[in-house]
1. Return only the number of the condition from (1) part of a helix (DSSP H, G or I); (2) open to solvent by less than 60 Å² (accessible area, probe 1.4 Å) that Val208 does not satisfy.
2. Give me the pairs, please: first residue somewhere in region 302-315 and closer than 16 Å to Arg329 by Cβ, second residue anywhere and at pLDDT below 95 and among the acidic types (Asp, Glu), beta-carbon distance under 7 Å, and either six or more positions apart or on two chains.
3. Which one of these is in a strand (DSSP E or B), touching a residue at least 60 places away in the same chain (Cβ under 8 Å) and either in contact with a Cys (Cβ under 8 Å, 6 or more places away or on another chain) or under 26 Å from Arg270 (Cα atoms) (or both): Tyr151, Tyr159?
4. Mind checking which pairs have a first residue in region 67-85 that is touching a residue at least 60 places away in the same chain (Cβ under 8 Å) and at positive phi and a second that is open to solvent by 10 Å² or more (accessible area, probe 1.4 Å) and not in a helix (DSSP H, G or I), Cβ under 9 Å, 6 or more apart or different chains?
5. Filter region 51-98 for residues that are among the hydroxyl-bearing types (Ser, Thr, Tyr) and open to solvent by 30 Å² or more (accessible area, probe 1.4 Å); which is farthest from Asn138 (Cα to Cα)?
6. Has region 312-328 got any residue that is open to solvent by 30 Å² or more (accessible area, probe 1.4 Å), part of a loop (DSSP other than H, G, I, E, B) and touching a Ser or Thr at 6+ places or on another chain (Cβ under 9 Å)?
7. Quick one: what pairs do we get from region 106-120, first residue open to solvent by 60 Å² or more (accessible area, probe 1.4 Å), second assigned to a helix (DSSP H, G or I), C-beta under 7 Å, 6+ apart or different chains?
Amino acid sequence: MKKVLIALLLLSFTVLGQDKPLSQTEYRNMLYDLQRNKVTKAEIVEALRKRGIDFEVTDGMRSLTRSKGANDEELKSAFEEAGRRHANPEAARLPLTPEADAVLAKAREATAAALDEMPDFVVKQVISRSAAFAGTGNWRPQDTVVIAVSYSTEKGEQYQVLAMNGAPVQSTKSGSYANMEGSTTGGEFVEALEKLFKPASKTTFTLVTTDVIRNQPALVFDYEINIENNKDGGVGFKDPNSSGGFSFTTVPAGEKGRVWIDRKNGRVLRISFDATDIPKDFRVRAYTSTIDYDWVDIAGERVLLPITSDNRFTSAEGRQLFQSRNYIRFRNYQKYGSEVRILDDDVKPEPEPSPTPKP
């Protein structure tokens, strides 16, 4: 009887311990265990979100998280979120369900209205492309591409490649730049937001945490769009052919990710997602994308539009997995019809913004 009682007491203490915030030593040990494959990234992220931390976030612990976590964005973001909850637990407290539902409803209405009222504009899109062995996070620069993007309600998104690695490129406008060599993306201005809230997507949302994006308090929802409802989604792969062009193969995919919504006005501040249900025999094995939105000025009008987009593709080459990355900066929004100029700074390396602000 005593042995059973002792066992129950030990179990009780263990469970209680698991509810306590992570100590700095415990978190550090988990990061080292991650490298030894004794714990998974998902388990660390879950612990950070459910238990939080009882120590201040320092540059040293940020560096350790980056190095031991292979510079994983989700792990870094979860660590920063835990740091904000530790620094200001009251502000980070989850709202009651009615408030969360109201913010989500406002986001649907605000996004639909914004897309209907989006002004015509042009913007310079600077794409830094790099590659790495999958899972290492050791990105090696490949090239920098400058593209003029114009949007109008009549023609939608139009792209024109202007330069590559500082050298001018002669090209015409088209609905995409997918015919250019290397990995390409599109749809950051309208499609990414539109499919999130349209009824046909049947998107499911679950409130998970709070956050602060560029000093704006936000609610963070997990979301999912099943493959059969993701009519505007999917991933593609292009192979060069003997004629100098490319052959394209695309497959449908689902979408699972997170959306950050401004608690005050219901506007989407960030979308981050993974493609799901990609066929196992397809060359592209994984695709992730994170789009950040902020207020920009176009001819005296404040508009919420993309400012950065981070896109990563994992593809198979024989038995080896490689990653390609397109990090996009959207610069100098102007009224429709304005000329897009290439500047020397466009081809210079630029430090990437932290995925989440420091507390």
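1. Result: Val208 fails condition (1) only.
2. Pro306/Glu188; Ser309/Glu188
3. One residue alone meets the criteria, Tyr151.
4. Between residues of region 67-85 that are touching a residue at least 60 places away in the same chain (Cβ under 8 Å) and at positive phi and residues that are open to solvent by 10 Å² or more (accessible area, probe 1.4 Å) and not in a helix (DSSP H, G or I), the close pairs are Ala70/Gly135; Ala70/Thr136; Ala70/Gly137; Ala70/Asn138; Asn71/Thr136; Asn71/Gly137; Asn71/Asn138; Asn71/Trp139.
5. At the first step, the residues of region 51-98 found to be among the hydroxyl-bearing types (Ser, Thr, Tyr) are 58, 63, 65, 67, 77, 97.
Imposing the further condition that a residue be open to solvent by 30 Å² or more (accessible area, probe 1.4 Å) reduces the set to 58, 63, 67, 97.
Working: Thr58: 23, Ser63: 15, Ser67: 11, Thr97: 42 Å.
Ranking the candidates gives Thr97 first.
6. For region 312-328, residues open to solvent by 30 Å² or more (accessible area, probe 1.4 Å), part of a loop (DSSP other than H, G, I, E, B) and touching a Ser or Thr at 6+ places or on another chain (Cβ under 9 Å): absent.
7. Note: pairs meeting the criteria are Arg108/Phe197.
Per-residue answers, yes or no, for (1) open to solvent by less than 80 Å² (accessible area, probe 1.4 Å); (2) at pLDDT 90 or above; (3) touching a Ser or Thr at 6+ places or on another chain (Cβ under 6 Å); (4) not polar (S, T, N, Q):
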position	(1), (2), (3), (4)
Gly266	yes, yes, no, yes
Leu269	yes, yes, no, yes
Ser272	yes, yes, yes, no
Ala275	yes, yes, no, yes
Lys280	no, yes, no, yes
Arg302	no, yes, no, yes
Ser309	yes, yes, no, no
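The values are calculated or read from the model by the stated rules, or taken from the named source; none is laboratory data. The model shown is predicted, which means the values in this text are computed figures rather than measured ones. Note that each Cβ is placed from the backbone with ideal geometry, even for glycine, and that neighbours are counted across all protein chains shown. Surface areas here come from the heavy atoms of the whole protein model, side chains and all, with no ligands, DNA or RNA. Shrake-Rupley method; radii C 1.70, N 1.55, O 1.52, S 1.80 Å.
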